Structure formats: structure tokens, C-alpha cells
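Report on one structure; see the data block that follows.
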Amino acid sequence: MTDWDKILAEDFAVPPGRAQAELAAELRAMLASPDPHIRDDTAYPVLAIWSGRGVFDGHLANLGDSLTAQFQDGPIYQRTFAAISLSWVVLRDARTGELSPEVVLRWLTAFSQWWRHETDLRAWDPGLGWLHAAAHGADVLRAFGRSGKLAAPELAGLLELAADRLLSDCGYLYGHGEDDRIAYALATVLTRAELPAEPAVAWLGRLHQAIADGAPGPVPPWAANTLRTLAALYIFADRGVTWYDPDTGTHGPSAKLPHASPLKDRIAATLQLPWAGLG
């Protein structure tokens, strides 16, 4: 068995003489563990760091396929940790260009089907630790937003996918930063110059109409989640987006949103519906 504690203690050093496929298979099995120390404190950070450092280069397709297969069944923590692990594989390909567009788009289809229909949105469970379907899915969406394998139609589809997720809250009120991470993901997609102004803004129409159709009374979770996400997105549109570089441990320069002005106008119009004091 692999001494994972030693790997963690030695700055994620790869054990000598071990095959990539063997290590990846062991990590994938650990991602499905109900023990948060095994899953969240060990398997996920190792897989993420190793992906970012290129340990799995040449094997990204097999790794991503095995992770997307874990969306299909199994416990919620298996699905959510397969998702956030996939985000690092997609980001690695965005840097190296190892994969074909067909592979990346196949993963996008599998991810979209899972995230759109996931019903267990709990962020935290006292026994299982972090689950975070909404936040982990947002991180995957952000990774796809940086992939050069996605053209304008797929990028517009990411925006619509996020809108679907916001409007289908399963009665869960975001309380652990999910709204900020979804906004970050949306802003990342919206930095892409390939995305024309019309689809960059049009997806907001459904959210605007849903808020406009709201009735007086207690604010439903989907509405609160949506409004907080849009407020965060407004800030990203105003100030831009920076990305973390896992190789250097630093953040890069800010990337601007090409259609920031119409985006901010459309977001503000929606926020003004319940927030009458907004100028």
C-alpha cells in the first residue's frame, strides 16, 4: 500500500518505481471513501497537485474518463469529489493541449448531466465532512470555461447550465460560499473573447424573469442563491478575474470581461427588482 502520509509530508513527492495508472486507481478509490480524512484531506489534494504538476501527463484521458464514470452512481461524496478532481484534469489539458476536443466535450456532457440534475446540495455533513455539489460543480464549470476546446456555443451552454443550477435549488439555501464560487465560474466563462455579447448577456433573462415573477412573502432559497450569485458576479464584471497558478503558487494578472458594461446593466436591472434602494 502507498504511504500517503509520507507523500503529504514530503511536498507531494511521487513515490519512485510506481506506475501512474496504479497510483491514479488508488486515488480514485480513495475519493469514494466516506472518511473525509481519506477522501478530502488525502486523495483530493494529492490528485489535484499531481495533476497540476504534470504527474499524469500522457494519461489524462484515462483519468478523466474514470472520474466522469463516478458521476453515474454511488454516494454523494463520490460524485462531488470526482467532479472537483476532474476540474484539475481539465485545467491541466488547458495548459498542455494533450487531449482531443472530443474527449473534453464528452466530459462536459457527462458533467452537465450530473450537475444539472443533482438533488443533494448539502455543503457539509457532520459525519461525512464536505460534500459541496454546488461549489465543486462550479469549480468544474470554471475549468471548462478556461478550456480552449470549448467554442462559443459550448461556452454559452455553460452559462445556461449555471442558470439551470441556480433555479433548481432543491430547497437548499447556500451557506458556505457556493454563490461566490458559481459567480467566479461564470465570470471566468465571460472572460472568453470568443463569446459574443448577445449570448454573454442573454442567459440572464431567465433569472430576471424568475425574480420578477416572485410573490410577496418569504424569499425562496433559489431566489436568495440567485441574487447573491448575481451580486458577486457584478463585482467580477467590474474588477475582472484572476487565476491561481498551481506551478508558482501565485495569482496572475486580472482578466477583464469583454462585455462587462452590458452585463453589469443587466445584472443591476435584476438586482433592482427586490432591492429597491439600489441606484
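Legend: calculated FRET efficiency, residue 29 to residue 206, from the Cβ-Cβ distance at R0 = 35 Å, rounded to 0.05, equals 0.30. Between the helical axis of 260-271 and the longest alpha-carbon principal axis of the chain there is an angle of about 70 degrees.
As a test of the formula, what do you get for the chain when each DSSP H run with n ≥ 4 contributes -39,500 (n - 2.57) and the sum is divided by the residue count, at 222 nm and rounded to the nearest 500 deg cm²/dmol?
Using -39500 (n - 2.57) per qualifying helix, the result is -18500 deg cm²/dmol.
Two numbers describe the Cα atoms of region 155-279: Rg and Dmax, which are 14.7, 50 Å. Straight-distance candidates among the aspartates and glutamates for linking to residue 149, with alpha-carbon spacing under 15 Å and chain neighbours fewer than 8 residues away dropped: 93, 98, 102, 194. Write down the Kirkwood hydrodynamic radius of the chain, to one decimal in angstroms, obtained as one divided by the mean of 1/r over all alpha carbon pairs. Kirkwood hydrodynamic radius for the chain: 19.5 Å. Note on residue 65 and residue 102: the model spin-label points, each 7 Å out from Cα along the C-beta direction, lie 1.1 nm apart. The base-10 log of I(q)/I(0) for region 102-163, evaluated at q = 0.13, 0.15, 0.21, 0.29 Å⁻¹, reads -0.37, -0.48, -0.82, -1.30 [Debye formula, identical scatterers on Cα atoms, solvent excluded].
Amide H contacts of residue 130: 125, each under 5 Å away and 5 or more positions distant or on a separate chain (H built 1.01 Å from N in the peptide plane; Pro and chain starts excluded).
The angle between the Cα long axis of helix 133-145 and the main principal axis of the chain comes to about 90°, on a 0 to 90 degree scale. Can you figure out the FRET efficiency of residue 124 with residue 168, using R₀ = 25 Å and their beta-carbon distance, to the nearest 0.05? That gives a FRET efficiency of 0.80. Across the alpha-carbon set of region 1-150, the Rg to Rh ratio works out to 0.95, Rh being the Kirkwood radius.
Hydrodynamic estimate: the Kirkwood radius of region 1-54 over Cα pairs, inserted into Stokes-Einstein at 37 °C and 0.692 mPa s, corresponds to D of 293 µm²/s. Between residue 116 and residue 273, the distance separating the two model label sites (each 7 Å from Cα on the Cα→Cβ line) works out to 2.2 nm. Say R0 is 30 Å: what FRET efficiency, to the nearest 0.05, do residue 9 and residue 243 get from their beta-carbon distance? FRET efficiency, residue 9 to residue 243: 0.60.
Treating cross-link reach as a plain straight distance, find the aspartates and glutamates whose alpha-carbon is under 13 Å from the alpha-carbon of residue 256, omitting any fewer than eight places away in the same chain. Reachable aspartates and glutamates: 238.
Taking region 74-125, which trypsin sites (Lys or Arg not before Pro) meet the DSSP loop condition and have no more than 11 other C-beta atoms within 10 Å?
On the way: sites: 79, 92, 95, 106, 116, 122; in loops: 122.
Within region 74-125, no trypsin sites (Lys or Arg not before Pro) qualify (loop, at most 11 other Cβ atoms within 10 Å).
Each value in this text was obtained by applying a stated rule to the coordinates, not by laboratory testing. Note that the structure is a prediction, hence the values are computed from the model and not measured. Positions of Cβ are generated from backbone atoms using ideal geometry, with glycine treated the same way; all protein chains shown enter the neighbour counts.
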